[in-house]
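Each value in this text was obtained by applying a stated rule to the coordinates, not by laboratory testing. Nothing here was measured: the structure is a model prediction, and the numbers come from that model. Note that we place each Cβ from the backbone using ideal geometry, even for glycine, and neighbour counts take in every protein chain shown.
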Amino acid sequence: MKKLNLTELVPGLNQIVIKQSDLETRSGKIPIARLPIGSYLYGLKADVEQPFTASAVPSNAPVTVLGSEINTYSMSYRFKIGTNSDIDYFMEEINPITDGEYGVNSGTYFDAPIMFDVPYNVYLDSNIIPRTWTFGGDLNTGRRYPIGIGTQTAGLSVGGWISAASAVTEEYNGISWTASNNLNQARGVLGGAGTQTAGLSFGGYNAYYPDTEEYDGTSWAVSNDLNVGCSHIAGFGMQTAAVKGGGMTGGVLIPTTEEYDGTSWTTVGDMNDLADAPGSFGSQSAGVSFGGAGSYNDITEEYNGTNWNVGNSMVVAGMRHCGGCGTQNAGLAFKEWCEEYDGNIWRIANPPNNNWNSGNDGCGSQSDGLSFGGRDHVNTGGSALTEEYNEIDITSVAINGIMTLSFLVY
């Protein structure tokens, strides 16, 4: 990658223009400015004059390709502050791909800590996420608020809402959906866990159901109820080791957590915050709940098999009635936008092609995800659209974009 000249900041307003073509980087921490001893960085403002985008020609494409054959990258940027040996102060992330003139968070100043004893640098932490969404086969029954279980090539879409609660179950084979046997109790906004041949559904609405059902790859069998009937919940894990986090009962949000051992549910430690319809992914010993409407709808909580711990917030607030899949160290959240989680921080990723307004869900992994159902601005009653999230195979990259950084120094 090219090295930018390290700019020595001076008292007053400083501006640095960064052209993405000057960086030529797929990822890395790049020092861009140094603050002298005894100075105070009042704030950093980043204006994206041209959204940062990267396009790549698939390796199997001919030399001349149509515009529709060129893949688009997501590129995220975070600013960090620290000494040369300790880059530890996180500032903010700039969304590189947005509609309109500016990226998310542009035009906002972010303060930095006072450091009088040593000089410190401002770093641009650049990361490209080479994954994108493509359309898959449509659901047979379009609906919102289903739950997703399984993988991208062996998935389940369970329950949901059309004009009333739905009991529909469909199986995905990586290409198309096939109708299977219905749930015993129709419900939407429910929780789910497991695989296509060993699935689990629990809770749901329209009566704050405590119902639990197990799927064997063909049909659903009733199991023991949740201790507290609820909907709008976080759910993850396997059929024999699942977690239900938070949710709503009687119109009131609750922090209650329950664990399933393949037979019955046991109440364990509460969540830290109340979240309405959060997304979730992971296992019983390493799970994640994120977003939802409540006190802070950009919140992240990690479950370690015993307790919930608050993690770093999402880049964009508003992940309610959304999809999630993956593991605690490699998770994916998707709705109208998409973010990837590495077990520590969230990064903006390529958004789905469909503008999922609310109520979609999915399954799979961070590199092989699946999104389906929900409502969009066309299908408000329930969408049948399906999208797959996969790695991009590339041999060349073209990068464009201009970012102007403004520093106020005292």
Margin query: Calculate the FRET efficiency for residue 344 and residue 306 from the Cβ-Cβ distance with a Förster distance of 30 Å, rounded to the nearest 0.05.
Written below: 0.90
Note to self: I'd like the distance separating the alpha-carbon centroids of region 226-241 and region 314-389, in whole Å.
What the structure shows: 20
Check: How much length is gained if the chain between residue 164 and residue 10 is pulled fully straight, taking 0.36 nm per residue apart and subtracting their Cα-Cα distance, in nm to one decimal?
Finding: 49.1 nm
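Per 0.36 nm of contour for each residue apart, how much would the distance between residue 402 and residue 138 grow if the chain were fully extended, relative to their Cα-Cα spacing?
Numbers: separation 264, 0.36 × 264 = 95.04 nm, distance 3.86 nm.
Length gained, residue 402 through residue 138: 91.2 nm.
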Checklist line | Rel. contact order, % - alpha carbon contacts under 8 angstrom, at least six apart, region 133-391 | finding: 17
Notebook entry, point to check: Going down the list 19/45; 29/335; 19/80, which pairs span over 24 Å between their C-alpha atoms?
Noted result: 29/335
Check: Pulled fully out, how much extra length does the chain show between residue 29 and residue 216, if you take 0.36 nm times their separation in residues and subtract their Cα-Cα distance?
Finding: 62.5 nm
Item checked: Cβ-defined net charge surrounding residue 170, 11 Å radius [Lys, Arg +1; Asp, Glu -1] -> -1
Next item on the list: Collect residues whose amide H, placed 1.01 Å from N in the peptide plane, falls under 5 Å from the amide H of residue 42; neighbours closer than 5 in sequence don't count.
Entry: 408, 409, 410
Note to self: Based on C-alpha coordinates, I'd like the Rg and Dmax of region 133-391, in Å.
What the structure shows: 15.7, 42
Next item on the list: Would you please state which residues of region 186-229 a label at residue 267 would reach in this model, taking the label point 7 Å out along Cα→Cβ and a backbone N cut-off of under 11 Å?
Entry: 227-229
Notebook entry, point to check: Within region 272-292, whose backbone N sits under 14 Å from a point 7 Å along Cα→Cβ of residue 317?
Noted result: 274-276, 291-292
Check: Cβ under 14 Å from residue 184's Cβ, residue 184 left aside: what net charge do those residues give with Lys, Arg +1 and Asp, Glu -1?
Finding: -4
Next item on the list: Sort 388, 336 so that the residue with the fewest other Cβ atoms within 10 Å of its own Cβ comes first and the one with the most comes last.
Entry: 336, 388
